[in-house]
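Q: This is the structure I want to talk about, given as structure tokens.
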Ligand SMILES: Cc1ncc(COP(=O)(O)O)c(C=O)c1O
């Protein structure tokens, strides 16, 4: 017999969790909103479950504090937002290729990117057969060489969209490839190409739709890149896209990662720790086993390079990180005990560990670290739970 009820919802803070600081997210959104001119809209990029932060919660907060558009990468992500009752306009930033997808776009009121000329016919046919008009956002490839119609042909396709029943040109946009680079030269090459398309459309006397070009880095780099809308992801989550763009806005990290100690043990000199015994104690040590591992988004490649915070003190992680658990050296933290909360990303007292720190160690980017927390960790709204130390008998 199938059991449908019972004690099946464990305390989300029993083991390991991601904490979302909604106040920080609201403050970041407001800071960005204030930085933009009144005529520039803010599209919040919340693809990949809002970079691991939880798309529905993030959508609700950013829309309440100044964002007017949402951007996602897949139809499934858009439908999740609509099912949660989110009504704001949604731009699908990646391509769709079938009539069934277009029908779903129309049904859920999701606005697609027009990234290839051929899609004009697919979109128009599908929309016409349903007797509807599909708003489309024409993506101009000005140098990213990913999605988009090459800038030299884009104006022709703009004209065609205007002539095609069943389609409405909602925006014309492009994506910057190097806006976080200390040398901004190629950003302006891309902008010039974008401007060429705009000028051609103007010369033909066609109306200009909404124009947008900047991601977080572009927004911070130069107000001339703002146009009618900016598409911002990383900055909303509290990180600058590059060191030279830090400090322009007062951004605060939104995501914290915490886990509890599940066991404390003393080990003798010569004792090996974890798979492969890569760490051998050279003195009597006290270890804390913590209930978080690589299946939760703590990359195994951080093994022996990670630090964590316990009661405001920084400790090092030893041995290989395993799927569900990792070990910390708590020899110098005599008060460490089972049930205590450990911070992997976040602040305790004046100590802070950021996703940027992890990215630097891993030789990757902050975006990738944040997107890693999508699978197993429950998300909790708020700040560090009190009491910090759970009493255990
Ligand atoms: C088309 C597009 N616009 C905007 C963004 C947001 O970028 P960022 O997170 O750097 O602000 C992305 C993210 O990759 C994107 O693909």
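Q: Any idea which residue in the stretch 87-118 is nearest to the ligand (Cβ to nearest atom), counting only those that are surrounded by 22 or more Cβ atoms within 10 Å (Cβ to Cβ) and in a helix (DSSP H, G or I)?
A: 105
Q: Please determine whether any residue of the stretch 56-66 is in a loop (DSSP other than H, G, I, E, B), in contact with a helix residue (DSSP H, G or I) (Cβ under 6 Å, 6 or more places away or on another chain), over 19 Å from residue 372 (Cβ atoms) and at pLDDT 95 or above. Before you say what the answer is, go through the steps one by one.
A: From the stretch 56-66, those in a loop (DSSP other than H, G, I, E, B) are 65-66; that's our starting set.
Narrowing further to those that are in contact with a helix residue (DSSP H, G or I) (Cβ under 6 Å, 6 or more places away or on another chain): 65-66.
Retained after the next criterion (residues that are over 19 Å from residue 372 (Cβ atoms)): 65-66.
Narrowing further to those that are at pLDDT 95 or above: 65-66.
Within the stretch 56-66, one or more residues are in a loop (DSSP other than H, G, I, E, B), in contact with a helix residue (DSSP H, G or I) (Cβ under 6 Å, 6 or more places away or on another chain), over 19 Å from residue 372 (Cβ atoms) and at pLDDT 95 or above.
Q: Residues that are touching a strand residue (DSSP E or B) at 6+ places or on another chain (Cβ under 7 Å), under 22 Å from residue 68 (Cα atoms) and not in a helix (DSSP H, G or I): does the stretch 138-158 have at least one?
A: Initially, the stretch 138-158 is screened for residues touching a strand residue (DSSP E or B) at 6+ places or on another chain (Cβ under 7 Å), giving 138-142, 147-151, 154, 157-158.
Filter again for under 22 Å from residue 68 (Cα atoms), leaving 138-139.
Within this subset, residues satisfying the condition of being not in a helix (DSSP H, G or I) are 138-139.
Scanning the stretch 138-158 turns up at least one residue that is touching a strand residue (DSSP E or B) at 6+ places or on another chain (Cβ under 7 Å), under 22 Å from residue 68 (Cα atoms) and not in a helix (DSSP H, G or I).
Q: Sticking with this one: Taking the conditions exactly as written (free of Cβ contacts under 8 Å to residues at least 60 places away in the same chain, farther than 30 Å from residue 138 by Cβ and within 16 Å of the ligand (Cβ to nearest atom)), does residue 214 satisfy them or not? Reasoning before the result, please.
A: Working: free of Cβ contacts under 8 Å to residues at least 60 places away in the same chain: yes; farther than 30 Å from residue 138 by Cβ: no; within 16 Å of the ligand (Cβ to nearest atom): yes.
No: the conditions fail for residue 214.
Q: For the stretch 219-264, how many residues meet the condition of being within 12 Å of the ligand (Cβ to nearest atom) and touching a strand residue (DSSP E or B) at 6+ places or on another chain (Cβ under 7 Å)?
A: Residues meeting the conditions: 8.
Here is a yes/no grid of residues against (1) in contact with a strand residue (DSSP E or B) (Cβ under 7 Å, 6 or more places away or on another chain); (2) crowded, with 21+ Cβ neighbours inside 10 Å; (3) under 21 Å from residue 279 (Cβ atoms):
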site	(1), (2), (3)
305	no, no, yes
310	yes, yes, yes
324	no, no, yes
339	yes, no, no
345	yes, yes, no
351	yes, no, no
355	yes, yes, no
365	no, no, no
378	yes, no, no
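Q: Can you tell me which residue among 48, 44, 84, 31 is without any contact (Cβ under 8 Å) to a residue 40 or more places away in the chain and either touching a helix residue (DSSP H, G or I) at 6+ places or on another chain (Cβ under 8 Å) or within 16 Å of the ligand (Cβ to nearest atom) (or both)? Break it down stepwise before answering.
A: Details: 48 fails: without any contact (Cβ under 8 Å) to a residue 40 or more places away in the chain; 44 fails: without any contact (Cβ under 8 Å) to a residue 40 or more places away in the chain; 31 fails: without any contact (Cβ under 8 Å) to a residue 40 or more places away in the chain.
Exactly one residue qualifies, and that residue is 84.
Q: Output the residues belonging to the stretch 55-81 that are more than 16 Å from the ligand (Cβ to nearest atom) and out of contact with any strand residue (DSSP E or B) (no Cβ under 7 Å at 6 or more places or on another chain). Even if it seems obvious, please write down each step before you answer.
A: Pass one, the stretch 55-81, residues more than 16 Å from the ligand (Cβ to nearest atom): 56-57, 60-61, 63-65, 76, 79-81.
Within the stretch 55-81, 56, 60, 61, 63, 64, 65, 76, 79, 80 qualify.
Q: When you look at residue 168, is it under 17 Å from residue 201 (Cα atoms), assigned to a helix (DSSP H, G or I) and at pLDDT 95 or above, yes or no? If you could, list the steps in order and put the result at the bottom.
A: Numbers: under 17 Å from residue 201 (Cα atoms): yes; assigned to a helix (DSSP H, G or I): no; at pLDDT 95 or above: yes.
Considered against the rule, which asks whether it is under 17 Å from residue 201 (Cα atoms), assigned to a helix (DSSP H, G or I) and at pLDDT 95 or above, residue 168 comes out as no.
Q: Has the stretch 284-301 got at least one residue that is surrounded by 17 or more Cβ atoms within 10 Å (Cβ to Cβ) and within 26 Å of residue 147 (Cβ to Cβ)?
A: Looking for residues that are surrounded by 17 or more Cβ atoms within 10 Å (Cβ to Cβ) and within 26 Å of residue 147 (Cβ to Cβ), one finds none in the stretch 284-301, hence no.
The values are calculated or read from the model by the stated rules, or taken from the named source; none is laboratory data. Remember, it's a predicted structure, so these values are computed and weren't measured experimentally. Because the Cβ atoms are built from the backbone with ideal geometry, glycine has one as well, and the counts that use them run over all protein chains shown.
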